[in-house]
Structures are given as structure tokens and as C-alpha cells.
Amino acid sequence: MKRDSIVITRRDFITKAAVAGAVVTTPAFLAACGNDDDQPSPAVATVAATAVPATPTATMAPEPVVHDVRFQFDWIKNVQFAGHFVADNQGYFADNNIAATLVQGGGGISTPVTINGPGIEIGAISFLSRTVDAIAAGADLIVLGAALQQSPIGFIYMPDNPVNSIEDLVGKRVGLQGESGIADVDTLFRINGLEPDYEYVPTGFDPSPVVEGEVDVYYAFLTNQPLALDARGIEHGVVSLGDLGWTRYGRLWTTTRTYLAENRDAVVGYMRAGIKGWEHAFADNALAVDLTVNEYGVDLGLDADTEAAQLVAQSAFMTSDVTEAKGLMWLDEAVIEGEYEGLRIAGRENLPAIGDLWDQSVLEEVFDGATTLY
């Protein structure tokens, strides 16, 4: 394990090699004493053929193929990716013959573009909408699974002004950070059979406006902004888009069809190691946070308490009834159909057939009938 997130190690395994044993025998023979007068030769004893024990030929086991896999994150190296860090640190990538390079995202990096281009083999795309948009533009992408079984996007509200249903959002002043937030709220209304009915209030990424009464609800990542209020001891409530009727996957692990077809062992190996790393991170939060803060994200000046809180918050979004029954990352076609409905409402056309969007045969191979790996 290299501390710059590059691991170049090999899993020990032995392939069977056929070893041919050769049996050497000494043939029977008669020794004859010849002379010039054609007289019969005196009889000599016959030497019986004797079998020599087989001696196996030494055969060296072939070296395993180590796959260099660069994984593109959709954000900076914080605890959102702790499972990858644990997999790297604990040798799970090496166990699966993967030399992993963990590539930081953020800063305007488009993960659909980097995954579809040279230099990145697998990566995480934040939302299904970005995936289908890239495919519509000609990208050769295939979804392997979803780390977030429900998108952590939702709303923060104050206890005296709760939002428990879409009806509670009607007429509210909603703090939003731009066009994508507006599109999400509009779609949320329409997917529930209602016309959008709210007041848009532009805000930044600080949730203070909802605390100060400038807005009724604040559009937020529920694994992030609410933690700032927790740290300040401010009582509040949260509700996700999924709680309000629109479940969306997040952080979809994605590769290209070409890479999967030509390097299936690498894809299966990375996913097996990464999932095991996440299971280990859930079992040992302290290790996951320590690796994030003090090693993989050491240059980011991360706060250990904040990262620990975010890990706990994120874990709730990484599990679902499907993952409880089958394991982390599994997708549910019914959820994708619901996402497609939202995408159509938002005006997207020419969506890829659901069956062409994903390939869960990789997860079938990863789990091989089990539901956990760690």
C-alpha cells in the first residue's frame, strides 16, 4: 500500500498445472559372446525390466495478472470514500490482484467524461441523471451498482415548521443554490402529481437562512449541512427527496462497456475489494476516519469529529431493503423506473433502455450467493 493511494501488490494464489511424470524402464537384453566359428554362444542371465518411480517435473506457477485500476471519485478525498481507503490500507485490492489508484474529484471534474475517456477505468457518478445524459451524448457507460441507495439530497426545516409530506412543501419559501435545485423541486412536485407551488429564495451553502427564518426549508445534502447545525447545537429536522416520494440513486459505480468486456476480472476484483472495504469501514468507524483524516485526505485539513459524523450519516443512505437482502451496491429496477419517470418529467428524452443501462452480473460474481464479504 502506497500512501499516495496507489497500491501495486499481488494476491497470492496458485493455479493448477498439470505435471507429467515420466516412467523410465531398463529393457531386457541378452549379452552374447561372439567368435569367428559360428559356435553357439553360452547362455547368459536375463536382466528383468525394472520400473523406476515417476519423477514429477517441477513447474513454476504463473504470476497472477495484476490490473492497474484508476478509480475516479466524484468529490474530494473525504470520508465519503472511506471504504476505498480501508480496502487499500487493509490489502483488499491486493488480494484481488488490483493495483488501485484513487483519483480525487471536485474542482469542476466531470466523472462521466473522465470514465469515458482514457486514464480512468472505473468511477463514481453522483447521479443517474448525469449518467444518462452522458450516454445520450454518446458515452459508452454501463452502471455496475449504487453506493448510495438513496440520494442524500433533501431539506432542512425548523421543528416548529416541519415538512413531512409534499403537501407540507406547498407555498413554502425554499432556499436553493441554483438551477439544479430548482429543477429537483419542480420535479418533486410533479412526480407527486402536483404543479410546483413554492417560493424560490436564492441562498448559499450555509444553512443559516433556515435558522434565521429567511426561508422555511433549505435544500441541502443531508450528509453535510445538517452536521453544521448539530455542531452548533441547533435543533432542526430533515427530510429527503425519497421520503417525499422521489427515490434517487447516488454515487453510481460506472465503467465503459468496452473496459468491462475486455477486463472483467479487473472490474469484479475492484468491486469485491471496494465493497469489503465499505463493510469494514462500517464495522470500524475509527479506522475509516483515521485513514481519511490522517492519510488519504491529510492535505485537506479535515476535522475528525466532522468526518465521523458524516460517516454515520452516510451509512443510512448506503443501505436499503435490497442491500439488506442481497448486499451493498445492488440496484432495484423499480427504483430506476421511478428515476426515469422523474427524468421524463424534467424533459429528458431518448433515455437508454433500463436493461441497457446497468449490468448486475458483476455483483452476482462478486457476492457469489453471499450477502456480505467482510
Where does the charge balance sit around Leu343 when Lys and Arg score +1, Asp and Glu -1, over other residues with C-beta under 13 Å from its C-beta?
-2
I'd like the FRET efficiency for Asn192 and Thr372, computed as 1/(1 + (r/R0)^6) with the beta carbon distance as r and R0 of 22 Å, rounded to 0.05.
0.05
What ratio of Cα Rg to 2.2 N^0.38 Å holds for region 190-341?
1.27
Once label points are set 7 Å from the Cα along Cα→Cβ at both Asp230 and Glu337, what is their separation, rounded to one decimal in nm?
3.5
Between rounded, prolate and oblate, where does region 256-299 land on the alpha carbon gyration tensor, with a ≥ b ≥ c its root eigenvalues, rounded for a/c under 1.5, else prolate if a/b exceeds b/c?
oblate
Once the dipole of region 118-274 is set up with Lys and Arg at +1 and Asp and Glu at -1 on Cβ about the Cα centre, which of Phe221, His236, Val174 lies farthest towards its positive end?
Phe221
Around Val267: net Lys/Arg minus Asp/Glu count, Cβ-Cβ under 12 Å:
-2
Sequence neighbours fewer than 8 away in the same chain don't count; with that in mind, list the aspartates and glutamates whose C-alpha is under 18 Å from Lys172.
Asp160, Asp184, Asp186, Glu195, Asp197, Glu199, Glu212, Glu214, Asp216, Asp243
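Beyond 26 Å, how much of the Cα-Cα pair distribution for region 61-189 remains, as a whole percent?
In whole percent, the long-distance tail amounts to 40.
What whole-number value in Å² describes the accessible area per residue of region 282-340 for a 1.4 Å probe? Can you show the working numbers first?
Values: 2670 Å² over 59 residues.
Each residue of region 282-340 exposes 45 Å² on average to a 1.4 Å probe.
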Applying the Karplus parametrisation 6.51 cos²θ - 1.76 cosθ + 1.60 with θ = phi - 60° to the phi angles of region 347-355, what ³J(HN,Hα) value in whole Hz is obtained for each residue in order, glycine and proline being reported as x?
x, 7, 10, 6, 5, x, 4, 4, x
Calculated Rg and Dmax of region 306-374 using C-alpha coordinates, Å:
15.3, 42
Multiply the residue gap between Ala261 and Asp140 by 0.36 nm, knock off their C-alpha separation, and tell me the result in nm, one decimal place.
42.4 nm
Relative contact order for region 214-347: what percent, with Cα pairs under 8 Å and sequence separation of 6 or more?
30
Quick calc: nm separation of the 7 Å Cα→Cβ label points for Ala304 and Asp284 -> 1.6
Zone of Glu214's modelled label, taken as backbone nitrogen in region 134-172 under 17 Å from a point 7 Å along Cα→Cβ
156-158
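Treating only the Cβ of Lys, Arg, Asp and Glu as charged (+1, +1, -1, -1), what charge dipole size does region 136-266 show about its Cα centre? Round to the nearest 20 debye.
Numbers: 8 positive and 19 negative charges, 111 e Å.
That gives region 136-266 a dipole magnitude of about 540 debye.
What full-extension length gain, to one decimal in nm, is calculated for Ala346 and Met60 as 0.36 nm per residue of separation minus the Cα-Cα distance?
Working: separation 286, 0.36 × 286 = 102.96 nm, distance 5.98 nm.
Result: 97.0 nm gained on full extension.
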Got a number for carbon plus sulfur as a percent of region 140-229's accessible area, 1.4 Å probe?
48
For Gln177, project a label point 7 Å along Cα to C-beta. Then give me every residue of region 137-163 with its amide nitrogen under 16 Å of that point.
151-157
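The values are calculated or read from the model by the stated rules, or taken from the named source; none is laboratory data. Because the structure is predicted, anything quoted here is derived from the model rather than measured. All Cβ positions, even for glycine, are placed from backbone atoms using ideal geometry, and neighbour counts span all protein chains on display. Ligands, DNA and RNA are excluded from the accessible area calculation, which covers all protein heavy atoms including side chains. Shrake-Rupley method; radii C 1.70, N 1.55, O 1.52, S 1.80 Å.
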